[in-house]
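S.K.: The structure's right below; bear with me while I get my questions together.
The values are calculated or read from the model by the stated rules, or taken from the named source; none is laboratory data. Bear in mind the structure is a predicted one, so any value in this text is a computation, not a measurement. All Cβ positions, even for glycine, are placed from backbone atoms using ideal geometry, and neighbour counts span all protein chains on display. Ligands, DNA and RNA are excluded from the accessible area calculation, which covers all protein heavy atoms including side chains. Shrake-Rupley method; radii C 1.70, N 1.55, O 1.52, S 1.80 Å.
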Amino acid sequence: MSSGPNSPMAGPKAAAPGAVGSLGEMLVDAGLSRERLEECRRAAATSGESLDRVILAKDYLDEVTLLSIYAKHLGFEFRKSLDGTQVPAEFVSVVPVHFARNYNLVALETSGDNVFKVATCTPMQPHPMDDLSAMLGAEIDPVLAPRFEITTLLGRAYRHKADGVDEALADVAEDGNFAGLADQIDEGEDVLDVANKAPIIKLVNTILFQALKLRASDVHFQSYPDRMQVRFRIDGILYDMDPIPRKAQDAIVSRVKVMGKMDIAERRLPQDGRATIKIGDGEVDVRISSVPTTNGERIVMRLLDKTSKVYTLEEIGLAPKNLAMLREYLNYSHGIILVTGPTGSGKTTTLYAGMSEVDTTQKNVLTIEDPVEYSLPGISQVQVNVKKGLTFAHGLRSFLRQDPDVMMVGEIRDLETAEVAIRAALTGHLVFSTVHTNDAPSTIQRMVDQGVEPYLVSSSLVLVIAQRLVRTICKHCHTYGPINDEWAAKLHKVGLDPEQMGGRVAFGKGCDECFQSGYAGRTAIYEFMPIDEVLRTQIMNNATAAQMKRGAVERGMITLREDGRLKVMSGQTTPDEVLRVTQLDLD
């Protein structure tokens, strides 16, 4: 059998002879009803989409289940996780990042007989594989993997490859004519499509793509007298990126405002906008804020990648005791579970992880959010629309007429929302929500300060979870070193002795993978405070947050600082990170 690049078999290898059974029967066995299977087949025939894409779009099966079925049917390998995989250098050097990201293709390894193992999440689209085979001049052996795993691996593989920002900046410098170029906008624009765009549009799209590739949560365009500085927030820390010439500032601002459907002519007042951008066939929600400063307008864009996976409870850093406690409370029939912490502390991720374990086949689950960050299968999600009168309180009140079992409200911001949430909890519903406070006991104080009667708080609240995000040590440069005086002082601040650490401490040396920071990725530290009888009495007696915390600690509550201490001892993070996000606990 020929395997040259121009032979008929140069593309994906044929399915293994052992490929099994009827695809339809396998889908039915996995839980897809025959009625839904026929519905999806008809939709696929009408739309021209492949059957797997239709099933996923309708949320009838999750991606991991669907891909594992297709892998068995086609005789391909299936990998649920690509963590730790090193992408071959030849793939990164030959294949353009836009092609790889657009079609969700990434090489996992190569063998001596000129064959690349390539991960894909669209097994029924062979043409991109054929194109990839021609690019590499090699045969392709398909491996099926979830989209999130592929995009994460692509982000790591192409992180340090020149991605067009320099070229786009050069085009801006050459063009000079910005008038009329910033107001071209396509609905749901694809940031990978930069081929025939005006220089300013190309530059903004390229910056956004670079931000998504580096897992940035926010993009800042900050004005200075001599330049506009681009900054990315990655794992909670801001990094300076390529500056933009001062003369292009107004055009950049106008372009971003057009994307967010904001008023270009208004430069003296703050504005907010929203946009949806595409990355291939994935979508990213962008929240845009502009503020006038003495050096011109300052723009911040919050990126919410809809293709990001929803984490499970095992993946978010819960200690075994806390994990068991949360699972117990998730089965309660009524009450309020509050997650608290500052903006960007992972509260929504924790709520989603918990909600994903609720049995939606037996329970009616509704959420009202601002905005809806991830799509949860089997759950009805509503987005706040203040302009049309759909607030948290109004949405929650409407939910009570929808025969709900479980409800989630994005945030309890005011007395009205708090009262509706409490009424829901007292009438037999389980309610999840978030509050902005520093620790678990302060949450109770906040609700009382908002005007809620203490007896209502004590009778409706069942669990308060405070959390923070700490950066984890980079896997690529993770190492251990002896504890010197500086390390000993930091360990002492978090309540650890060098002897408890075995005389050595974990840290990251710094490498190209982690911007020389020694950190890559984040995990959460938690403070779980169940509302027991002692706490209920304290709430009714208007005890202070300090008194409630002291009592809870005496009864065994693990504080934020203590949970951070455990993660330092296990080598996941450093004392610096725990000290950065926690304040001194009470003695």
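S.K.: Dipole magnitude of the chain about its Cα centre, charges +1 at Lys/Arg Cβ and -1 at Asp/Glu Cβ only, in debye to the nearest 20?
M.R.: 780 debye
S.K.: Relative to the Cα centre, what is the charge dipole magnitude of the stretch 478-587, using +1 at the beta carbon of each Lys and Arg, -1 at the beta carbon of each Asp and Glu, and rounding to the nearest 20 debye?
M.R.: 140 debye
S.K.: Can you compute the FRET efficiency between Ala546 and Ser375 using 1/(1 + (r/R0)^6), with r the Cβ-Cβ distance and R0 = 51 Å? Round to the nearest 0.05.
M.R.: The computed FRET efficiency comes out at 0.80.
S.K.: Using 12 Å as the cut-off for backbone N distance, which residues of the stretch 39-82 belong to the label zone defined by a point 7 Å from the Cα of Ser33 along Cα→Cβ?
M.R.: So the set is 39.
S.K.: How big is D, in µm² s⁻¹, for the stretch 282-343 by Stokes-Einstein at 4 °C and 1.567 mPa s if Rh is the Kirkwood radius over C-alpha pairs?
M.R.: Rounded to a whole number, D works out at 82 µm²/s.
S.K.: Let me ask you something else. Calculate how steeply helix 320-330 sits against the longest principal axis of the alpha-carbon atoms of the chain, using the helix alpha-carbon long axis, and give the answer as 0 to 90 degrees to the nearest 10.
M.R.: So the inclination is approximately 80 degrees.
S.K.: Enumerate the calculated ³J(HN,Hα) couplings along the stretch 65-70 in order (Karplus 6.51 cos²θ - 1.76 cosθ + 1.60, θ = phi - 60°), each rounded to whole Hz, writing x wherever the residue is Gly or Pro.
M.R.: Once θ is set to phi - 60°, the couplings for the stretch 65-70 become 4, 5, 5, 5, 5, 4 Hz.
S.K.: Tell me which residues come under 5 Å, amide H to amide H, from Met228 once H is placed; ignore anything under 5 positions away on its chain.
M.R.: Ile244, Arg246
S.K.: By the scheme Lys and Arg +1, Asp and Glu -1, what is the net charge of all other residues having a beta-carbon under 15 Å from that of Asn364?
M.R.: -1
S.K.: Output the 0 to 90 degree angle, nearest 10, between the alpha-carbon long axis of helix 147-157 and the longest principal axis computed from the alpha carbons of the chain.
M.R.: 80 degrees
S.K.: Let me ask something else about it. Once every DSSP H run of n ≥ 4 in the chain is given -39500 (n - 2.57) and the sum is divided by its residues, what mean residue ellipticity at 222 nm do you get, rounded to the nearest 500 deg cm²/dmol?
M.R.: It lands at -10500 deg cm²/dmol.
S.K.: Another one. What full-extension length gain, to one decimal in nm, is calculated for Lys80 and Asp131 as 0.36 nm per residue of separation minus the Cα-Cα distance?
M.R.: 15.9 nm
S.K.: Ignoring ligands, DNA and RNA, what accessible area per residue does the stretch 406-508 give at 1.4 Å, in Å²?
M.R.: Here the per-residue accessible area is 41 Å².
S.K.: Moving on to the next point. Pop the C-beta distance of Lys475 and Ser217 into the FRET formula with R0 = 22 Å and round what comes out to the nearest 0.05.
M.R.: Calculated transfer efficiency: 0.60.
S.K.: Put +1 on the Cβ of every Lys and Arg and -1 on every Asp and Glu Cβ in the stretch 285-366; which of Met325, Val300, Ser356 then has its Cα farthest towards the positive end of the dipole?
M.R.: The listed residue farthest towards the positive side: Val300.
S.K.: Sticking with this structure for a sec: Which value in nm describes the separation of the simple spin-label points at Tyr332 and Asn114, placed 7 Å from the Cα toward the beta carbon?
M.R.: My value for the distance between the label points is 6.5 nm.
S.K.: Just the ratio, please: alpha-carbon radius of gyration of the stretch 476-527 over 2.2 N^0.38 Å, N its number of residues.
M.R.: With N residues counted in the stretch 476-527, Rg over 2.2 N^0.38 Å equals 1.28.
S.K.: Set Lys and Arg Cβ to +1 and Asp and Glu Cβ to -1, take the dipole of the stretch 507-578 about its Cα centre, and tell me which of Ser570, Phe515, Gly556 lies farthest positive.
M.R.: Gly556
S.K.: Hey, what D do you get for the stretch 434-485 in µm²/s if you plug the Kirkwood alpha-carbon radius into Stokes-Einstein at 10 °C and 1.306 mPa s?
M.R.: Calculated translational D: 109 µm²/s.
S.K.: Next question. Quick check: the angle from helix 545-554's long axis to the longest principal axis of the chain, C-alpha only, nearest 10 degrees?
M.R.: 80 degrees
S.K.: If one puts a single equal scatterer on every Cα of the stretch 461-554 and applies the Debye formula without solvent, what log₁₀ I(q)/I(0) results at q = 0.21, 0.26 Å⁻¹?
M.R.: -1.03, -1.26
S.K.: Ignoring ligands, DNA and RNA, please state the percent of accessible area on the chain from carbon and sulfur, probe 1.4 Å.
M.R.: Carbon and sulfur: 49 percent of the exposed surface of the chain.
S.K.: Positive end of the charge dipole of the chain (Lys, Arg +1 and Asp, Glu -1 on Cβ, about the Cα centre): tell me which of Ile264, Val372, Ile252 has its Cα farthest that way.
M.R.: Of Ile264, Val372, Ile252, it is Ile264.
S.K.: If each residue of separation counts as 0.36 nm, what is the full-extension length gain between Lys306 and Val291 once their alpha-carbon separation is subtracted?
M.R.: Between Lys306 and Val291, full extension yields 2.8 nm more.
S.K.: State, to one decimal in nm², a quarter of the convex hull surface area for the C-alpha atoms of the stretch 354-501, i.e. the direction-averaged projected area.
M.R.: Orientation-averaged projected area of the Cα hull: 13.4 nm².
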